[in-house]
Amino acid sequence: MTDFILRRREILKAALADRGDTLFVTGLGSATWDLASLGDRPENFYLWGAMGNAAMIGLGLAIARPDRRVVVITGDGEMLMGLTSLSTIGARRPKNLAICVLDNERYTETGRQPTATGLGTDLAAVAAACGFPQTATLRTEADAARLGDLLLRNAGPVMAVAKVVDETLPMAVPPRDGSYLKTRFRANLLGERSATLP
């Protein structure tokens, strides 16, 4: 395994400082806690344990709401499980969709076993081969300085793979109630206040 220098929460905090009303979908575990560490918001849809589905849910949102930017934040293990989603996204080419893979080359949630990204699978190259017009693998601080533009401003679909330190961070646990999260997110999308929300 390579020694990486980028720290996942630091690069996300800098990249998402001016995220506005961007819609976010997170993969399970660390990606959810990373986004929640920046503040829980109605624009955040946390999948918790729906491994392999983040990119496709992001695609559905991007197609349904072409007026809103949609960013998927996930890990390498979750993205590998949903790898076939990249061909569908590449075929549809939504300009408002970006995917950020926080790649520590480990299945962090199940014991830090190595993933295929540490054994030669290049997620950015796979996305490019599937038709993504914007792909990048970020390894240095200078690379990471581009993350905000890639996720929030560049025409998509975008695949940004950040090679990050394998580290244990405090959990920033957002709400876990799936019904509540769905209702809150839907109300935000429709611009209405749901009676079921506090």
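Shape of the stretch 90-198 from its Cα gyration tensor (a ≥ b ≥ c, root eigenvalues): rounded if a/c is under 1.5, otherwise prolate when a/b > b/c, or oblate? Before the final figure, lay out the partial values.
Working: a/c = 2.13, a/b = 1.34, b/c = 1.59.
Here the stretch 90-198 falls in the oblate category.
Give me the distance between the Cα centres of the stretch 13-79 and the stretch 137-172, rounded to whole Å.
Between the Cα centre of the stretch 13-79 and that of the stretch 137-172, the gap is 13 Å.
Rounding to the nearest 10 and keeping the result within 0 to 90°, find how far the Cα-based axis of helix 178-190 lies from the longest principal axis of the chain.
70 degrees
Is the shape of the stretch 132-185 best called rounded, prolate or oblate, per the rule: a/c under 1.5 gives rounded, else a/b larger than b/c gives prolate, else oblate, with a ≥ b ≥ c the square roots of the Cα gyration tensor eigenvalues?
Note, shape of the stretch 132-185 comes out oblate.
Roll a 1.4 Å probe over the protein heavy atoms and report the accessible area of Ile57 in Å², nearest 10.
Its heavy atoms expose roughly 60 Å² to the probe.
Within a Cβ distance under 13 Å of Thr115, other residues only, what is the Lys/Arg minus Asp/Glu net charge? Don't skip to the answer; put the middle values down first.
Working: positive: Arg106, Arg112, Lys163; negative: Asp76, Glu78, Asp103, Glu105, Glu109, Asp122, Asp166.
So the environment of Thr115 carries a net charge of -4.
Taking a probe of 1.4 angstrom, what is the accessible area of Lys95 in Å², to the nearest 10?
Approximately 140 Å² of Lys95 is accessible to the 1.4 Å probe.
Enumerate the calculated ³J(HN,Hα) couplings along the stretch 10-23 in order (Karplus 6.51 cos²θ - 1.76 cosθ + 1.60, θ = phi - 60°), each rounded to whole Hz, writing x wherever the residue is Gly or Pro.
5, 6, 5, 4, 5, 5, 9, 4, 10, 6, x, 9, 4, 8
At most 15 other C-beta atoms within 10 Å and a DSSP loop state: those are the exposed GluC sites (Glu not before Pro) I care about. Give me the longest piece of the chain that has none.
Numbers: sites that count: Glu167, Glu192.
So the longest stretch without any such site is 1-166.
Of Thr115, Thr168, Thr74, which is the most mobile in a GNM of the chain whose springs link Cα atoms less than 10 angstrom apart?
Most flexible of the set in this elastic network: Thr168.
Report relative contact order for the chain in percent, whole number only (criteria: Cα-Cα under 8 Å, sequence separation at least 6). It would help to have the intermediate numbers written out before the result.
Values: 385 pairs, mean separation 50.8, N = 198.
Reported as a whole number, the value is 26 percent.
To the nearest 10 square angstrom, how much accessible area does Asp21 have with a 1.4 angstrom probe?
90 Å²
Pairing the Cα long axis of helix 54-64 with the longest principal axis of the chain, what angle in degrees results, from 0 to 90 and rounded to the nearest 10?
Taking the Cα atoms of the chain, the angle to 54-64 is about 50 degrees.
At 1.4 Å probe size, with the rest of the protein present, what percent of the exposed accessible area of the stretch 1-109 is carbon and sulfur atoms? Numbers along the way, then the final one.
Working: 2180 of 4150 Å².
Using a 1.4 Å probe with all protein chains present, the stretch 1-109 comes out at 52 percent carbon and sulfur.
Roughly to the nearest percent, how much of the accessible area of the stretch 145-184 is carbon and sulfur, given a 1.4 Å probe?
Carbon-and-sulfur percentage of accessible area, whole number: 52.
I'd like to know which of Ala127, Pro157, Pro175 lies farthest towards the positive end of the charge dipole of the stretch 113-198, counting +1 on Cβ of Lys and Arg and -1 on Cβ of Asp and Glu.
Pro175
Per residue, how large is the accessible surface of the stretch 8-96? Use a 1.4 angstrom probe and give square angstrom. Before the final figure, lay out each step's value.
Details: 3310 Å² over 89 residues.
Roughly 37 Å² per residue, with all protein chains present.
The values are calculated or read from the model by the stated rules, or taken from the named source; none is laboratory data. Only a predicted model underlies this, so the values are computations on that prediction, with no experimental measurement involved. Glycine gets a Cβ as well: all are built from the backbone with ideal geometry, and neighbour counts include every protein chain shown. Only protein heavy atoms, including side chains, enter the accessible area calculation; ligands, DNA and RNA are left aside. Shrake-Rupley method; radii C 1.70, N 1.55, O 1.52, S 1.80 Å.
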